[in-house]
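Bear in mind that the values in this text are calculations on the coordinates, not laboratory data. Every value quoted in this text rests on a predicted model; they were computed, and no experiment measured them. Positions of Cβ are backbone-derived with ideal geometry, glycine not excepted, and every protein chain shown enters the neighbour counts.
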Amino acid sequence: MEDCKNNNCIIDITQITKTYHLGKIEVKALRGVDLKILKGEFISIMGPSGSGKSTLMNILGCLDTPDNGSYLLDNTDVSKLNDNQLADIRNKKIGFVFQTFNLLSRSNTVSNVELPLIYSKKGSEKSRKAKIYESLKSVGLIGWEKHKPSELSGGQRQRVAIARALVNDPAIILADEPTGNLDSVTGEEIIAIFQDLNKQGITILLVTHELDIAKHTKRIIYLRDGLISNEEKIECPIDAAERLATMPKLEDKIVKNC
């Protein structure tokens, strides 16, 4: 259990439970989860299908509320907030990155990244443009501002999604299987971006079913049957940038296989 002294916890959940009612069937998704995450951590969450990963991420992301228990997000008790309050804190505190990117297909890169700023009504048009540029630069997408998702590769689409997650300066980024639809090299490039962002002080939680991906993070949380079954601290996380330097590019693999 991590130490939350000196207000150093960004996430502090205690005895969180969640049960879904599907007709006459009760599904106990979470059975009393305790989890503390310090500011600046990079954590992965693993577990088999039905272990409670998605439910936990939905609650951490303020997309759902627990039945019981408490949830402090950056010292704010969000356990009992109403839908409007949850939407507000979600937009201010949390950036989301999904496996399927969740981009607007008819909008270009800039418009997709700008969405959180529109919802939050933050800043002037000039400050928004500056923020969008900063976010795109951080993920290496300068020059791709006018491209629509259909004109981008899978890795570029995920970069757009990360830029969108960053544009409101969130306290935490929640990434759900962000490399699941990507080849190994592109997936490693995405993890390298997350590691760089984490070095800048952003707290990152990543759900993955791949142990190799999880070993890029600093701590692995294992879920099973709605409870945390184990935690593993990674003393020497895999450095994605170093690994990329030794990996053959995709086009090189194609040439070698011809």
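Points to keep in mind about this one:
- At full extension, S120 and L22 could sit 31.8 nm farther apart than now, given 0.36 nm per residue minus the alpha carbon distance.
- Degrees separating the helix 184-199 axis from the principal Cα axis of the chain, which is the longest one: 60
- DSSP-defined antiparallel bridges as percent of all bridges, the chain, nearest 5: 55
- Spatial extent of the range 92-167: Rg and Dmax, with the Cα atoms as the point set, Å: 11.3, 31
- Between 0 and 90°, nearest 10: helix 109-120 axis offset from the chain longest Cα axis: 30
- In the chain, the longest principal axis of the Cα atoms and the axis of helix 154-166 are about 50 degrees apart.
- Taken about its Cα centre, the range 5-257 carries a charge dipole of roughly 600 debye when the Cβ of each Lys and Arg holds +1 and the Cβ of each Asp and Glu holds -1.
- Taking 18 Å as the straight-line reach from the Cα of K121, the lysines in range (excluding those fewer than 8 positions away in the same chain) are K92, K93, K129, K131.
- Each of T17, I190, V139 was placed along the dipole of the range 5-257 (beta-carbon charges, centred on the mean Cα), and the one lying farthest toward the positive end is V139.
- Note on the range 5-257: dipole from Cβ charges, positive end direction compared against S127, M247, N68; the farthest Cα belongs to S127.
- Cross-link partners of K53 among lysines (Cα-Cα below 17 Å; sequence separation of 8 or more within a chain): K18, K28, K36
- Loop-located trypsin sites (Lys or Arg not before Pro) in the range 65-163 (DSSP state not H, G, I, E or B) with no more than 16 neighbouring Cβ atoms inside 10 Å: K80, R106, K121, K122, K146.
- Between the beta carbons of T76 and Q200, assuming R0 = 25 Å, the FRET efficiency works out to 0.65 to the nearest 0.05.
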